[in-house]
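A short worksheet on the structure shown next.
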Amino acid sequence: MNTRRKLVTVATASALALGLAAFAAPASAQEKEKPIRIGVVTFLSGAAAGPFGVPARNGAEVAAEALNGGKVPAPYTAAGLGGAPIELLFVDEAGGTTKQVNEFRNLVQRDNVDLVIGYISSGDCLAVAPVAEELKRLTVFFDCGTPRIFEDASYKYLFRTGATATMDNTAAALYVTEMKPALKKFAGINQNYAWGQDSWNDFEAAMKVLKPGVDMGTSQMPKLLAGQYGAEISALLTSGADVVHSSFWGGDAEALILQGAPRGLFKKSTIVMTAGEPTLVRLGTQVPEGTVIGARGPFNMFAPDNELNRWFRKAYEDRYAVVPSYPAYKMVQAILGVKAAWEKAQAANGGKRPSQDQVIAAFENLSFEGPGGKVDMALGKGHQAVQGTAYGITKNVGGKVTVVNVKRYPASRVTPPDGVKSEEWIKSGFKTAK
Amino acid sequence: MASLVSVLIDGIIYSSYLFIIALGLTLIYGVMKILNMAHGSLYALGAYVAATLIGAWFNAGLNPYGSLALLALSALLVGVIAGPIIERGLLRFMYGKDEIVLILVTYSIFLILEDVIKLIWGVESYTAFQPYGLLGNIDIGALPYTVYDALLVVVAVLVGVAVTFVLTRTRQGKLLVAVIHDREISAAMGINVGRVYFITFTIGTMLAALGGALIAPKVSVVPAMGVEVIVLAFAVVVIGGLGSLPGAALGALIVGLVRSAAVHYLPEVELFSIYLVMALVLIVRPKGLFSAAEARKI
């Protein structure tokens with residue numbers, strides 16, 4: 001019922017020109033320039049729409065329009081995907097896994113999309129993964145964090161261009177132990193579902209490895225969207241923890257800050273918010289100074305100062321009058337990954353439109369550039385991306401919030417090697433981490 | 001180990017919030033025999049209106065303390081606009097129909113209101129945090145609490161006392177109690193049942209919106225915030241007994257204290273604890289703690 005379908009044709013004037021040229025061109029050129037239909041699945045309603053889904057959709061629109069217009073900097077200067085314009089078909093991710101599986105089937109079987117890019121919820125990713133394989137359609141997960149996707153199974157048609165949540169929590173543990181070498185006790189407040197539980201388990205395991213003998217205080221697991229954390233904040237305040245880990249996102253993260261800050265929680269403990277960057281964008285100086293913030297990768301304030309990043313920030317801000325938060329970055333990263341794979345496959349195919357199998361072959365083990373820097377499809381037999389990440393501490397400067405003491409962690413330090421499960425890797429003491 | 005004082009205070013604060021919402025729900029059920037699924041959306045509507053008004057108030061640079069009055073104004077606005085529209089526009093055509101049909105009708109209102117909220121406010125979150133920290137903190141035991149939370153408890157008590165006073169000491173209230181006991185006899189005795197329904201639904205809507213408005217400064221006002229609250233409010237009124245005012249108070253207190261104790265002592269079972277209590281109460285008292293004895297109608 002909440003599904004909102006909107007066919008967004010983002011063919012710009014240049015794409016139109018391409019289409020007109022195709023009208024008089026030979027059949028092979030017409031085939032090459034036939035629009036590439038991409039199903040984009042992201043939250044357009046519900047609690048995850050504002051912080052994640054809408055920025056991701058906006059990122060997709062900015063990227064598709066700029067790519068079709070040939071306005072993206074090198075190495076993506078060719079229009080569309082290998083000359084063919086991109087057409088986006090948006091689907092709302094809200095409604096649960098059963099609905100998402102049906103929507104995915106609709107995209108593939110009814111709308112006949114060439115590929116699907118999407119999914120923020122780990123639950124949706126776990127549900128859609130086997131269906132993508134069953135329907136044999138190229139599918140790219142852009143955001144969901146559960147490492148279980150490629151650690152528990154292998155896929156041919158499925159790729160994920162964003163790093164897993166293991167990276168977020170391992171790097172968070174590294175950051176706080178480096179920042180507070182004398183820390184004696186840590187605690188957590190995470191949402192009671194797969195994302196929150198996995199995040200806490202990884203962080204807890206990493207802390208015990210990095211700081212043997214460290215005390216674990218309370219682990220609060222309120223219900224997703226609980227909204228009120230009075231008792232949890234009291235429990236955290238009485239726990240005496242030096243560090244409090246939280247993978248809260250969206251309204252829950254905002255509520256924790258709005259309720260915790262007046263009661264002194266952020267002064268008493270160092271709060272680590274692994275997915276805190278969209279909240280920082282939303283709340284600005286309301287986020288107390290000294291909060292440790294992550295962006296689930298090198299995005300927004302952690303992004304490198306390169307031409308792709310400068311282009312994306314400007315294009316996004318010009319269109320939406322806000323800075324792009326990490327879901328927008330990750331969506332663009334996925335689209336650029338597909339473009340890199342598509343054009344590599346097209347080049348290998350003598351310049352003709354590549355088949356899906358050729359795109360998949362080109363995508364495996366691919367390295368490509370995004371606005372967040374280099375991405376390596378190094379895990380899951382070349383289907384799962386690894387990427388470095390960064391953490392920093394909030395500081396208010398001149399009435400504006402900024403992030404200081406930024407530390408960067410290369411992928412090799414915060415990600416298990418291929419074939420090793422995240423949990424085992426952390427418990428082994430990050431073996432092979434450089 | 002957390003002190004018992006923290007458990008009690010956290011529990012009472014949470015109970016106050018639950019009570020205000022559950023009171024509206026139980027009042028509507030008691031009088032109209034409608035399990036109002038749209039109650040959560042009306043709560044969300046109160047929160048959105050409060051967030052909007054408070055945002056405009058502070059943007060205009062007006063006296064910060066005036067923003068507290070906006071919370072009551074938001075509840076009033078939602079109550080007198082949304083309540084009559086829903087009751088006169090839809091519900092009055094459904095009276096006398098099966099309770100299940102009425103649940104479906106209010107569920108459809110819930111879905112419509114969720115989309116209305118999305119149409120008006122979009123999917124972005126809204127914050128109205130200024131009033132929450134405005135009154136400062138008080139230390140109780142070793143922990144700081146905001147004065148705003150204490151205010152929430154005071155408001156809940158005042159609302160409970162006011163509703164009790166109206167129901168037991170005023171003519172209108174006594175008419176309403178008569179309708180609660182028997183609608184048909186009340187109508188036969190000359191009570192304008194339609195008018196009682198109209199007033200009850202408007203007050204119930206106002207109470208839902210008041211809950212939302214009071215909570216707006218503490219939370220991020222986001223889509224779907226009404227979904228969570230309706231589940232909790234149902235738990236409260238089921239424990240207390242559907243349609244019972246003291247039941248709503250006791251139910252809210254039980255849920256609040258049990259949840260608080262779970263958070264402090266055994267956070268793993270926090271989610272489960274509320275429903276465990278609900279199940280235990282229903283085993284002993286299937287119609288809730290304060291359910292009235294019913295005459296069997298032949």
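The values are calculated or read from the model by the stated rules, or taken from the named source; none is laboratory data. Everything quoted here is computed from the prediction, not taken from an experiment. With ideal geometry, Cβ positions are generated from the backbone for all residues, glycine too; neighbour counts draw on all protein chains shown.
In the condition set (1) surrounded by fewer than 14 Cβ atoms within 10 Å (Cβ to Cβ); (2) farther than 22 Å from residue B:215 by Cα; (3) of a type outside the set (D, E, K, R); (4) within 13 Å of another protein chain (Cβ to nearest Cβ), residue B:100 is compliant with all but (4). Just to be sure before I move on: is residue A:256 surrounded by fewer than 24 Cβ atoms within 10 Å (Cβ to Cβ), at pLDDT 95 or above and in a helix (DSSP H, G or I) in the structure I sent? For residue A:256, the condition - surrounded by fewer than 24 Cβ atoms within 10 Å (Cβ to Cβ), at pLDDT 95 or above and in a helix (DSSP H, G or I) - is not met.
Table: residues versus (1) at pLDDT below 95; (2) part of a helix (DSSP H, G or I); (3) within 13 Å of chain A (Cβ to nearest Cβ).
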residue: B:8; (1), (2), (3): no, yes, yes
residue: B:12; (1), (2), (3): no, yes, yes
residue: B:30; (1), (2), (3): yes, yes, no
residue: B:45; (1), (2), (3): no, yes, no
residue: B:71; (1), (2), (3): no, yes, no
residue: B:74; (1), (2), (3): no, yes, no
residue: B:77; (1), (2), (3): no, yes, no
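Can you tell me which residue is surrounded by the most Cβ atoms within 10 Å (Cβ to Cβ) among those in the stretch A:385-408 that are more than 20 Å from residue A:270 (Cα to Cα) and either touching a Leu at 6+ places or on another chain (Cβ under 9 Å) or of a type in the set (Asp, Glu) (or both)? For the stretch A:385-408, the residue satisfying everything is A:385. Of the numbered criteria (1) of a type outside the set (Val, Ile, Thr); (2) touching a helix residue (DSSP H, G or I) at 6+ places or on another chain (Cβ under 8 Å); (3) free of Cβ contacts under 8 Å to residues at least 60 places away in the same chain, the one residue A:67 fails is (3). Determine, yes or no, whether residue A:194 is over 21 Å from residue B:124 (Cα atoms), within 19 Å of the chain's Cα centre (by Cα) and of a type in the set (A, V, I, L, M). The answer is yes for residue A:194. Against the numbered list (1) modelled with pLDDT under 95; (2) among the charged types (D, E, K, R); (3) assigned to a helix (DSSP H, G or I), residue B:124 comes up short only at (3). Restricting the first member to the stretch B:252-278 and to residues that are at pLDDT 95 or above and among the small types (Gly, Ala, Ser), and the second to residues that are crowded, with 22+ Cβ neighbours inside 10 Å and not in a helix (DSSP H, G or I), no beta-carbon pair is closer than 6 Å while six or more apart or on different chains.
Say we look at the stretch B:121-138 and pick out the residues that are within 9 Å of another protein chain (Cβ to nearest Cβ) and hydrophobic (A, V, I, L, M, F, W, C); which of these is surrounded by the most Cβ atoms within 10 Å (Cβ to Cβ)? Step by step, filter the stretch B:121-138, then rank; the result is B:129. Just one of (1) in a helix (DSSP H, G or I); (2) surrounded by fewer than 22 Cβ atoms within 10 Å (Cβ to Cβ) fails for residue A:70. It is (1).
All told, residue A:297 falls short of being surrounded by fewer than 24 Cβ atoms within 10 Å (Cβ to Cβ) and either in the same structural domain as residue A:121 (by TED's automatic domain parsing) or part of a loop (DSSP other than H, G, I, E, B) (or both). Selection of the stretch A:345-369 for residues being outside any loop (DSSP other than H, G, I, E, B) and either loosely packed, with under 13 Cβ neighbours inside 10 Å or of a type outside the set (S, T, N, Q) (or both) yields A:345, A:347, A:348, A:357, A:359, A:360, A:361, A:362, A:363, A:367, A:368, A:369. Restricting attention to the stretch A:380-434 and to residues that are assigned to a loop (DSSP other than H, G, I, E, B) and of a type in the set (Ser, Thr, Tyr), the residue that is nearest to residue A:132 (Cα to Cα) turns out to be A:415. Applying the set (1) at pLDDT 55 or above; (2) assigned to a helix (DSSP H, G or I); (3) farther than 26 Å from residue A:368 by Cβ; (4) out of contact with any strand residue (DSSP E or B) (no Cβ under 7 Å at 6 or more places or on another chain) to residue A:20 leaves exactly one unmet item: (1). In this entry, residue A:270 passes the filter for residues that are more than 8 Å from every other protein chain (Cβ to nearest Cβ), within 25 Å of the chain's Cα centre (by Cα), surrounded by fewer than 24 Cβ atoms within 10 Å (Cβ to Cβ) and in contact (Cβ under 8 Å) with a residue 60 or more places away in the chain. Within the option set A:166, A:146, A:170, being modelled with pLDDT of 95 or more and either in contact with a Cys (Cβ under 7 Å, 6 or more places away or on another chain) or surrounded by 24 or more Cβ atoms within 10 Å (Cβ to Cβ) (or both) holds for one residue only, A:170. Of the conditions (1) in contact with a helix residue (DSSP H, G or I) (Cβ under 9 Å, 6 or more places away or on another chain); (2) farther than 30 Å from residue B:180 by Cα, residue B:13 clears all except one; give me its number. For residue B:13, the failing item is (2).
Listed by position, the strands (runs of 3 or more DSSP E) inside the stretch A:137-231 whose residues that are within 14 Å of another protein chain (Cβ to nearest Cβ) and within 30 Å of residue A:54 (Cβ to Cβ) number at least 2 are A:185-189. Considering the stretch B:216-243, the residues that are at negative phi and away from chain A (no Cβ under 13 Å) include one that is surrounded by the fewest Cβ atoms within 10 Å (Cβ to Cβ), namely B:234. Annotation note: Cβ proximity below 9 Å between a residue of the stretch A:218-243 that is in the same structural domain as residue A:261 (by TED's automatic domain parsing) and on the phi > 0 side of the Ramachandran plot and a residue that is outside any loop (DSSP other than H, G, I, E, B) and hydroxyl-bearing (Ser, Thr, Tyr) (sequence gap 6+ or interchain) occurs for A:227/B:220. As a summary of the residue check, residue A:42 satisfies the conditions (1) away from chain B (no Cβ under 11 Å); (2) within 24 Å of residue A:105 (Cα to Cα); (3) more than 14 Å from the chain's Cα centre (by Cα); (4) hydroxyl-bearing (Ser, Thr, Tyr) except for the one numbered (3).
Find the residue count for the stretch B:139-189, including only residues that are exposed (fewer than 14 other Cβ atoms within 10 Å of the Cβ) and either within 14 Å of chain A (Cβ to nearest Cβ) or part of a loop (DSSP other than H, G, I, E, B) (or both). Summing the residues that are exposed (fewer than 14 other Cβ atoms within 10 Å of the Cβ) and either within 14 Å of chain A (Cβ to nearest Cβ) or part of a loop (DSSP other than H, G, I, E, B) (or both) in the stretch B:139-189 gives 5. Against the conditions (1) β-branched (Val, Ile, Thr); (2) crowded, with 23+ Cβ neighbours inside 10 Å; (3) under 20 Å from residue A:406 (Cα atoms), residue A:177 satisfies every one except (2). Can you tell me which residue in the stretch A:234-253 is surrounded by the fewest Cβ atoms within 10 Å (Cβ to Cβ), limited to those that are of a type in the set (Ser, Thr, Tyr) and either within 19 Å of the chain's Cα centre (by Cα) or more than 7 Å from chain B (Cβ to nearest Cβ) (or both)? Looking at the filtered set, the residue picked out is A:239.
Report yes if residue B:207 is closer than 30 Å to residue B:124 by Cα and away from chain A (no Cβ under 12 Å), otherwise no. Yes, satisfied. The residue list A:304, A:288 contains one member that is surrounded by fewer than 22 Cβ atoms within 10 Å (Cβ to Cβ) and farther than 30 Å from residue A:261 by Cα, which is A:304.
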